[in-house]
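Read through the structure below, which is laid out as structure tokens, and then see the notes.
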Amino acid sequence: MEEPVITVDGVVKRFGRDVRALDGLSLTIPAGVIYGLLGPNGAGKTTLIRILATLLPADAGVVRVAGFDVRRDAEAVRARIGLAGQYAAIDNHLTGRENTEMVGRLYGLSRRDARTRTATVLERIGLIDVADRRVKTYSGGMRRRIDLAACLVGRPQVLFLDEPTTGVDPASRRELWELIRDLVGGGTTVVLTTQYLEEADHLAHRIAVINRGRLGSEGTTQQLKDRTGGAVLELSIPDTQHAAAIESLRHVTAVPASYDRQRGALVLPATDGVATLREALRALDTAAITPTDVGLHKPSLDDVFLTLTGADHTVGPGRPFAAVADTGAHEGSETS
Amino acid sequence: MSIIAVTPRRLSRALTHTAVLTRRNLLANLRLPDVLLLSTIQPVTFMLMFLYVFGGAIESALPPVAQGAYINWLIPGILAQSAVFGAGPTAYGLNNDRATGVIDRFRSLPMARSAVLAGRTLADLTRSTAILLLQLGVGVALGFRWQANVFGLAAGVAVALAFGYACSWIMATLGLAVRNTEAIQAAVYLVVFPFTLVSSVFLPTRTMPGWLQTFAENQPITIVANALRGLMLGQGALVPGQTVTGQTMLAIAWTAAILAVFAPLSVRVYRRSVS
Ligand SMILES: Nc1ncnc2c1ncn2[C@@H]1O[C@H](COP(=O)(O)OP(=O)(O)OP(=O)(O)O)[C@@H](O)[C@H]1O
Ligand SMILES: [Mg+2]
């Protein structure tokens, strides 16, 4: 196998005394893939992206991007990466073309090269028709795309996208996915974070589940699904008995059961399939709890996520992990 | 971080990037007509307000060189004040760029670090120049008569702009150090208002209580205003013991000192504030 394009080895990042945003994280990313970073709010995804993009120094550990150390050769790394942060970092009062050309110039292109390269990128990204309109008049999806165009104008080898489709409607999201897939066809490695499990499932070749600054699990989507043990047990239990049920199921599986509001049921990984089912029912029986319904089914990525992080989130396909993700409540801490 | 030698290639890159970002920041001014209009009308309105509200009450207290016209006293002072006010947007601009993630983008690009701050301060200097010239024009139309030759006038404007440019670096430091977007406005006013009001900008300092007078007479904005009056109106505008050259040199020294402290400081704050 060729050398990975990104190596993260034992990275620690602290904020203040108590917050360990990254706590000894290690992973490697092979060239030419779409790599998804998945995890609940505050898991450390943005922190990792910022370290990879040379914006933030790690407190410990080694990070190499495109063959260079992010600390010692930050300049060399910057010449090979593109970053689209959690917000579209573009100027409203400039046109799409001006924004893109400006970033081209800052990548070191001559005025002429910036101009031709911008035209190519805008064409490819489907914004050439609106290129001379002020970005202020763009829709949310168009803004995301122009932000992407600004990264692409420098022909980055590695592209970092922090929540590239947050706040974008489903149709535009699919367009963005297409675009991102195309990029990888051209040889670019894409590292993206997402709040949408569906996105990771559709788009990413490999996924790292990050939880509290540590690597929860890593692999292809299929591998991750297999790892939950191949099945998920769903138990419908009257609301009043949830707490008691979760307590009594504690010994059945390594990961505690959690309530999934979408399904209206308690879910837990059925590592041993029917054997787990039998054991769960016996445990409930001992606690004098009778489920109204029982089901055993193949895991979705949601289940994988719940299992691997043990998070008590209510998630569904295409929905953010937690509604607060969109309120901006978490953003204050992140941008500061 | 490795120490980077200044090679001609790096220098030319820094200049190119500074030019690119200066243009970007100036376009932000030009493309927002309401902001452009208000930010030019406001200084002129202030000037007229001071002229007509204070004028009558003050004229008797003015030195003879003002020829009994407050406007002759006021305009050089107002130019000094405007140059300082013109530095405020440096703080807002940088603060906003950080809040919107633009600075993150810049820092992820293989670009000259100095360009972000240089591009911002130069754009603000350009805007200040336009505003000062406008005020001077309106002042002349309303009867401002400078007593020295035209070089004195130009030198006065240059001293004011240079001082304002130095203040831009104070504002750059402030804009990056204060994270909260709302607090930044208050922080700028907190610095700018006391210094412009407790000075000789509007009134001779003679009538202030002793301790305040000591501060007012020695703080940099007064010195810049004195230098401007000296350059534009002549020696008669200064109190005995001060000379035009002396006040001008002192104003330039303040400018240099502020730059020497705040340019490196703001670069430091820039480096860490974003990480
Ligand atoms: N500049 C900062 N100062 C203090 N704490 C910070 C800072 N940036 C991040 N943190 C903290 O570090 C942890 C990880 O944050 P990070 O933004 O990396 O999470 P995330 O996985 O991107 O979350 P989200 O899904 O909400 O975007 C959080 O506890 C956060 O509050
Ligand atoms: Mg984040």
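The values are calculated or read from the model by the stated rules, or taken from the named source; none is laboratory data. Worth saying up front: this structure is predicted, and the values here are computed from it rather than measured. Note that each Cβ is placed from the backbone with ideal geometry, even for glycine, and that neighbours are counted across all protein chains shown. Only protein heavy atoms, including side chains, enter the accessible area calculation; ligands, DNA and RNA are left aside. Shrake-Rupley method; radii C 1.70, N 1.55, O 1.52, S 1.80 Å.
Compute the separation of the alpha-carbon centres of the range A:145-159 and the range A:59-96 and state it in Å as a whole number.
11 Å
At each listed q (0.11, 0.14, 0.16, 0.17 Å⁻¹), what is the log10 of I(q)/I(0) that the Debye formula gives for the range B:8-272 modelled as equal alpha-carbon point scatterers?
Debye curve over Cα of the range B:8-272, log10 I(q)/I(0) at q = 0.11, 0.14, 0.16, 0.17 Å⁻¹: -0.62, -0.95, -1.19, -1.30.
Roughly how many percent of the accessible protein surface of the protein assembly as shown is carbon and sulfur, given a 1.4 Å probe and a whole-percent answer?
Heavy-atom surface of the protein assembly as shown belonging to carbon and sulfur, 1.4 Å probe: 58 percent.
So if I take the alpha carbon set of the range A:229-309, get Rg, then get Rh from the Kirkwood formula, what is the Rg over Rh ratio?
0.91
Take the alpha carbon atoms of the protein assembly as shown, find their radius of gyration, then divide it by 2.2 N^0.38 Å using N residues; give the quotient. Mind showing how you got there, number by number?
On the way: Rg = 31.0 Å, N = 611, 2.2 N^0.38 = 25.2 Å.
For the protein assembly as shown, the normalised Cα radius of gyration comes out at 1.23.
Rounded to whole Å, give me the distance from the Cα center of the range A:105-124 to that of the range A:176-225.
For the range A:105-124 versus the range A:176-225, the Cα centre distance is 29 Å.
For a protection proxy built on the mean count of beta-carbon atoms within 10 angstrom, sort B:71-82, B:8-19 highest first, please.
B:71-82, B:8-19
Taking a probe of 1.4 Å, how large is the accessible area per residue of chain A, in Å²? Walk me through the numbers before you get to the answer.
Values: 14360 Å² over 336 residues.
Averaged over the residues of chain A, the accessible area is 43 Å².
Considering only C-alpha atoms, what is the centroid distance from the range B:233-275 to the range B:110-186, in Å?
Result: 13 Å between the Cα centres.
Counting only other chains, what is the mean number of Cβ atoms within 10 angstrom of the Cβ of each residue in peptide A:85-95?
Numbers: counts 6, 2, 6, 4, 9, 4, 8, 4, 8, 5, 2.
The shielding value for this peptide is 5.
From the convex hull of the Cα coordinates of the range A:88-157, what is the mean projected area in square nanometres?
Taking the Cα atoms of the range A:88-157, their convex hull projects to 4.1 nm² on average.
Using the beta-carbon distance between B:A19 and B:Q42 and R0 = 22 Å, what value does 1/(1 + (r/R0)^6) give for FRET efficiency, to the nearest 0.05?
After rounding, the FRET efficiency stands at 0.20.
Report the far tail of the P(r) of the range B:13-137, meaning the percent of Cα-Cα pairs longer than 19 Å. Mind dumping the intermediate values first?
Working: 4362 of 7750 pairs.
Percentage above 19 Å: 56.
If you keep only loop residues by DSSP, which trypsin sites (Lys or Arg not before Pro) in the range B:126-197 have at most 15 other Cβ atoms within 10 Å of their Cβ?
Sites meeting the loop and neighbour criteria: B:R145, B:R179.
Would you mind getting the Kirkwood hydrodynamic radius of the range B:167-222 from its Cα pairs, rounded to one decimal in Å?
Numbers: mean 1/r = 0.0804 Å⁻¹.
Over the range B:167-222, the inverse of the mean reciprocal pair distance is 12.4 Å.
From Cα pairs below 8 angstrom and at least 6 apart in sequence, can you work out the relative contact order of chain B, rounded to a whole percent?
Working: 350 pairs, mean separation 71.5, N = 275.
For chain B, the relative contact order is 26 percent.
Where the eigenvalues come from the Cα gyration tensor of the range A:6-224, what are the semi-axes √(5λ) of the equivalent ellipsoid, largest first, in whole Å?
The equivalent ellipsoid of the range A:6-224 has semi-axes of 29, 19, 16 Å.
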